[in-house]
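Colleague: Below you will find the structure I want to go over with you.
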Amino acid sequence: MIGDNVEIKPVGNANYFPKENAGVKSNKDENSGSNNTSVDKLELSQKAQELNKTDGKNLVKIQEKIASGFYNSDKVLDHVAKAILKDLKM
């Protein structure tokens with residue numbers, strides 16, 4: 001059964017529909033009158049950094065499944081779609 005091979009973890013729907021400009025500060029407000037350019041910065045949480053580490057075993061399995069078309073099957077697509085709808089509570 002597909003549920004044995006694929007695990008989909010919910011992420012919540014708060015990130016799908018963020019409030020417009022929530023928490024965004026304009027450089028114009030902070031640096032009124034100056035010609036400073038803004039610089040983007042990305043900080044990963046400890047958990048994200050841990051998830052980013054891989055020993056390659058899962059990566060090889062995933063690459064093999066992609067190459068075989070496993071993820072393009074109707075069963076997998078249906079399973080993923082249902083999980084997304086459930087996560088979004090639709």
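The values are calculated or read from the model by the stated rules, or taken from the named source; none is laboratory data. Because the structure is a prediction, the values reported are computed rather than measured. Quick reminder, even Gly has a Cβ in these numbers, built from the backbone with ideal geometry, and neighbours come from all protein chains shown.
Colleague: Would you pick out the residues in region 43-63 that are part of a helix (DSSP H, G or I) and more than 13 Å from Val6 (Cα to Cα)?
Modeller: Of all residues in region 43-63, those part of a helix (DSSP H, G or I) come to 46-52, 57-63.
Of everything in region 43-63, those that are part of a helix (DSSP H, G or I) and more than 13 Å from Val6 (Cα to Cα) turn out to be Gln46, Lys47, Ala48, Gln49, Glu50, Leu51, Asn52, Lys57, Leu59, Val60, Gln63.
Colleague: Return the residues of region 64-90 that are of a type outside the set (A, V, I, L, M), part of a helix (DSSP H, G or I) and surrounded by 11 or more Cβ atoms within 10 Å (Cβ to Cβ); say none if nothing qualifies. Don't jump to the end; show me each part of the working.
Modeller: First, the residues of region 64-90 that are of a type outside the set (A, V, I, L, M): 64-65, 68-75, 78-79, 82, 86-87, 89.
Subsequent filtering for residues that are part of a helix (DSSP H, G or I) retains 64-65, 68, 70-72, 74-75, 78-79, 82, 86-87.
Answer for region 64-90, where residues must be of a type outside the set (A, V, I, L, M), part of a helix (DSSP H, G or I) and surrounded by 11 or more Cβ atoms within 10 Å (Cβ to Cβ): Lys65, Phe70, Tyr71, Lys75, Asp78, His79, Lys82, Lys86, Asp87.
Colleague: Would you be able to tell me the number of residues in region 48-90 that are modelled with pLDDT under 85 and basic (Lys, Arg)?
Modeller: 3
Colleague: Being of a type in the set (Lys, Arg) and surrounded by 10 or more Cβ atoms within 10 Å (Cβ to Cβ) is the filter here; which residues of region 47-63 pass it? Write out each step before concluding.
Modeller: Taking region 47-63 as the starting set, the residues that turn out to be of a type in the set (Lys, Arg) are 47, 53, 57, 61.
Within region 47-63, Lys61 is the sole residue that qualifies.
Colleague: Still on this structure, please answer the following. Determine, yes or no, whether Val24 is at pLDDT 85 or above and either hydrophobic (A, V, I, L, M, F, W, C) or assigned to a loop (DSSP other than H, G, I, E, B) (or both). Break it down stepwise before answering.
Modeller: Numbers: at pLDDT 85 or above: no; either hydrophobic (A, V, I, L, M, F, W, C) or assigned to a loop (DSSP other than H, G, I, E, B) (or both): yes.
Judged against the criteria, Val24 is not a match.
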